[in-house]
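Input: a single structure, listed below in structure tokens.
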Amino acid sequence: ILGIGSEISFVWLPDVEKGKHLFWTTWVDTEKVSKELKSKSVTYDLDRSEPYTAEYFRAWESGEPVHVYKVAPGEVKTYFDTWGELFNDAKRFPEYFPEGLYYAEAFMKYGCFGFIISRQLSEDEKKILLRFTNEFERTYSRFLDLQKSEEQTREAQIQLALERVRAR
């Protein structure tokens with residue numbers, strides 16, 4: 001929809017306090033006659049010593065808004081094996097990247113949004129990626145605000161019920 005022909009898109013949302021990080025990904029299932037979108041999310045333990053995770057954090061903490069990395073052809077299988085549970089429904093991914101892959105990510109306050117693609121992104125595509133990520137951040141902030149408000153409302157209802165019981 002963004003006009004960038006990516007093979008895979010993903011959102012990375014680390015939660016350092018809980019020692020977890022969520023990856024949500026979507027891709028087009030090309031193994032079927034009619035192409036359909038597939039998606040999956042997995043929460044992993046946060047291991048900052050794992051090379052790809054360490055690279056995500058290094059890039060996130062650098063303050064640069066967009067990063068693009070090349071994964072060499074010989075490292076593609078290892079890349080997908082690292083995130084095995086996330087991609088186990090798409091076992092043929094390494095075959096789609098005989099020349100290697102690029103993962104491009106734009107960072108936000110909560111993590112990043114990115115693409116896995118078989119070619120380098122153009123500068124215009126990087127700008128689109130960054131704009132989309134900024135909008136995602138605003139929307140996700142609103143979602144978190146609403147979630148917090150709902151929790152506060154539930155807590156207030158519980159406190160009110162307790163006060164009624166005490167009053168009786």
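The values are calculated or read from the model by the stated rules, or taken from the named source; none is laboratory data. Note that the structure is a prediction, hence the values are computed from the model and not measured. Cβ atoms come from the backbone with ideal geometry, glycine included; neighbour counts cover every protein chain shown. Keep in mind that these areas ignore ligands, DNA and RNA; they rest on the heavy atoms of the full protein, side chains included. Shrake-Rupley method; radii C 1.70, N 1.55, O 1.52, S 1.80 Å.
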- Task: Roll a 1.4 Å probe over the protein chains and send me the accessible area per residue for the stretch 1-138 in Å².
- Result: 55
- Task: In whole angstrom, note down how far apart the Cα centers of the stretch 82-116 and the stretch 151-167 are.
- Result: 46
- Dmax and Rg, reported as Rg then Dmax, of the stretch 56-168 (C-alpha, Å): 21.4, 73
- How high is the relative contact order of the chain, given as a whole-number percent (alpha carbon pairs under 8 Å, six or more residues apart)? 21
- Task: Heavy atoms only, probe 1.4 Å: what % of the accessible area of the chain goes to carbon and sulfur, would you let me know?
- Result: 52
- Expected sort for 63-76, 8-21 on mean C-beta neighbours within 10 Å, highest first, is 8-21, 63-76
- Query: Relative to the longest principal Cα axis of the chain, at what angle does helix 51-62 sit, 0 to 90 degrees, rounded to 10?
  - Reply: 70
- Going by average Cβ neighbours within 10 Å, how do the peptides 124-130, 107-113 rank, with the highest at the top? 107-113, 124-130
- Item | Expected 222 nm ellipticity per residue - DSSP helices of 4 or more, -39500 (n - 2.57), all of the chain, to 500 | -13500 deg cm²/dmol
- What is the stretch 75-151's relative contact order, in percent, from Cα pairs under 8 angstrom and six or more apart in sequence? 22
